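Data block below; observations after.
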Amino acid sequence: MKQFQFSTWIYSLLLALLLAAQRADAADTVRIAVPPSPMSLPFYVAIERKFFEKHQIKPLLVECNSGQDCIKALGKGQADFASSSELPVMFAAYDNNPISVLATLVTNKDDLKFLVSRNLLHDGRLSLAGKRIGYVPKSSSHYYMDTFLLFKGVDTQQVVKVPMDAAELPKALLQGHVDAISVWEPMAEQALQLGGHEIVQVEAPRLYTQTHNVSVRNQFKTEQALQVRGVLKALDEAINYIRDYPSRTQALLFRKNLVSQEHIEKNWSDYTFRMTLQQSLVSTLQGQARWAGREGHIQKNLPKEPEYLNYIDASFLREHKSDHVDFVYR
């Protein structure tokens, strides 16, 4: 009798181990496009702390130079999720890309910077007319450049706009290929450090609150709803970890060479990590659409403005954290 009980126990143990192994193997590889930015910190934390694996997700990081490139990869089916600001989503809607924003993960009122060569300053006054300004087309860099020029009373047609990849901006300014750049962190800090006294940040009020969001390919969310829920849960745990252990997560940014200790000490409070979907996201997209139309950044034969409610899916976040959705999207 005892031998039978022992054999039954061994069988049950082996079965449990087999099922556990099968569950581990069942974890699906999910391609996540992430730009190298402090705003992508929830993704880095979720990978390092293995929050994705906890929810049966095998993350495959698809590195891209900017959020715009990440959204392009998503639209082309080269990624299942993407991390980006809201502006690339605005342009993607004009192209009818089959994607949806699932949640905002972080906001920052001071992530964009306008940097100039010191010789543009004369007795403390900034002279931009006829100058070359480097920017990343159809990105937050583009939007901030035009917003900054408007604030300074400079006609956007009176400057020479030089489009380039994000990674090229600091070097272009340092080598004199452009006179100014509109750039996000950490590249703004890199340019200031490399340029020494020759590069200057032009101070301005906080003109633009940038959101950083997680978007999904529509086909993927339809076919793999469980994985979508798992990704959101993992990112939510990562955000909680960032709030609970800020020094540990800051150290992760240092290890990835994304920011310096000095930058974190000065700017950490500017980052607000919280998983939400707010009315202000739609308002921002609509305002940016009007900017794109006014400045000729979209084809004239396209509709004046897409219906952005069709590019935001609150159903997953409402299921996970209903109190973090401040109005009914769809």
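General remarks:
- Estimated Rh, region 238-279: Kirkwood, alpha-carbon pairs, angstrom: 11.2 Å
- Sorting Leu192, Leu252 on solvent-accessible area from highest to lowest, probe radius 1.4 Å, gives Leu192, Leu252.
- P(r) tail, region 111-176: Cα-Cα pairs separated by more than 20 Å, 23% of all pairs.
- Stokes-Einstein D (µm²/s) once Rh is taken as the Kirkwood radius of region 152-219 over alpha-carbon pairs, at 10 °C in 1.306 mPa s: 111 µm²/s
- Among beta bridges identified by DSSP and lying wholly in the chain, the antiparallel ones come to about 60 percent.
- Amide H contacts of Val106: His212, Arg274, each under 5 Å away and 5 or more positions distant or on a separate chain (H built 1.01 Å from N in the peptide plane; Pro and chain starts excluded).
- Projected onto their three principal axes, the Cα atoms of region 68-137 cover extents of 51, 25, 18 Å, largest first.
- Amide H contacts of Lys161 (H built 1.01 Å from N, under 5 Å, at least 5 apart or other chain): Ile133
- Estimated distance in nm for a label pair at Asp123 and Ser247, the labels positioned 7 Å out from Cα along Cα-to-Cβ: 5.0 nm
- The three principal axes of the Cα atoms in region 101-148 give end-to-end lengths of 47, 20, 14 Å, sorted in falling order.
- Cα-based shape type of region 29-101, given that a ≥ b ≥ c are square roots of the gyration tensor eigenvalues and the cut on a/c is 1.5: prolate
- Excluding ligands, DNA and RNA, the accessible surface per residue across region 195-330 is 52 Å² with a 1.4 Å probe.
- Under a model in which nothing but the beta-carbon of Lys, Arg (+1) and Asp, Glu (-1) is charged, the chain shows a dipole of about 420 debye around its Cα centre.
- Between the amide H of Ser85 and those of Gly67, Asn213, distances stay under 5 Å, these residues lying 5 or more places away or on another chain, with hydrogens modeled in the peptide plane.
- When you filter the GluC sites (Glu not before Pro) in region 179-269 for DSSP loop state and at most 13 other Cβ atoms inside 10 Å of their Cβ, you are left with Glu203.
- Each 10 Å bin from 0 upward holds the following percent of the Cα-Cα pairs of the chain: 5, 24, 31, 21, 10, 4, 2, 1, 1, 0.
- Projected area averaged over orientations for region 166-317, convex hull of C-alpha atoms, nm²: 12.2 nm²
The values are calculated or read from the model by the stated rules, or taken from the named source; none is laboratory data. Just so you know, these numbers come straight off a predicted model, no measurement behind them. All Cβ positions, glycine included, derive from the backbone under ideal geometry; neighbour counts span all protein chains shown. Heads up: the accessible areas ignore ligands, DNA and RNA and are worked out on the full protein's heavy atoms, side chains in. Shrake-Rupley method; radii C 1.70, N 1.55, O 1.52, S 1.80 Å.
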